[in-house]
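Just below is one structure, and these are the notes that go with it.
The values are calculated or read from the model by the stated rules, or taken from the named source; none is laboratory data. Predicted, not measured: the structure shown is a model, and the values here were computed from it. The accessibility values were calculated without ligands, DNA or RNA, using every heavy atom of the protein model including side chains. Shrake-Rupley method; radii C 1.70, N 1.55, O 1.52, S 1.80 Å.
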Amino acid sequence: MGVIKVEAVFDATKSKVWEALTNSESMKIWYFDIANFNLNIGKKFSFYEGEKKEYLHEGEILQVEENKLLQHTWTHPEQSNGTSVLTWNIDEIDGKSKVTLTHEGVESFADAGPILLVPIMKWVGML
């Protein structure tokens, strides 16, 4: 399970999808509440998952191409020593936007045991 790849097509412009992926207020609606999210390469962000504030997530911005690509690291420092990489690609198809999420390096979380398997597999239903 080294790579998870999820694709979804949205009846929206690439700029609207980009906003949903990168604007902190928009992300709260469908993703996570990440108050310190910043699109500058090298910037780090962190957040806890859910209302119970479980599962600390940390990341660092690696690549940004507006309306096209966002790539960042993804870690769970309280549960694992592993680091993975998430890449969000946005492509236009017939006036719609196709989002491809690729999560590489999932095997690096093996030291956490099955506790991280469920949160990682949420990608399938999130998009």
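Taking Rh as the Kirkwood radius, which is the inverse of the mean 1/r over Cα pairs, what is the Rg/Rh value for the stretch 1-116?
Rg/Rh for the stretch 1-116 comes to 0.97.
What base-10 log of the normalised intensity I(q)/I(0) is obtained for the stretch 30-97 from the Debye formula, alpha carbons as equal point scatterers, at q = 0.15, 0.17 Å⁻¹?
The computed values of log10 I(q)/I(0) come out as -0.55, -0.68.
Rank these by accessible area, largest first, 1.4 Å probe: Val85, Val9.
Greatest to least solvent exposure: Val9, Val85.
Please give every one of the lysines within straight-line cross-link reach of Lys16, meaning a C-alpha to C-alpha distance under 26 Å, and leave out same-chain neighbours fewer than 8 residues apart.
Candidates past the 8-residue exclusion: Lys5, Lys28, Lys43, Lys44, Lys68, Lys96, Lys98, Lys122.
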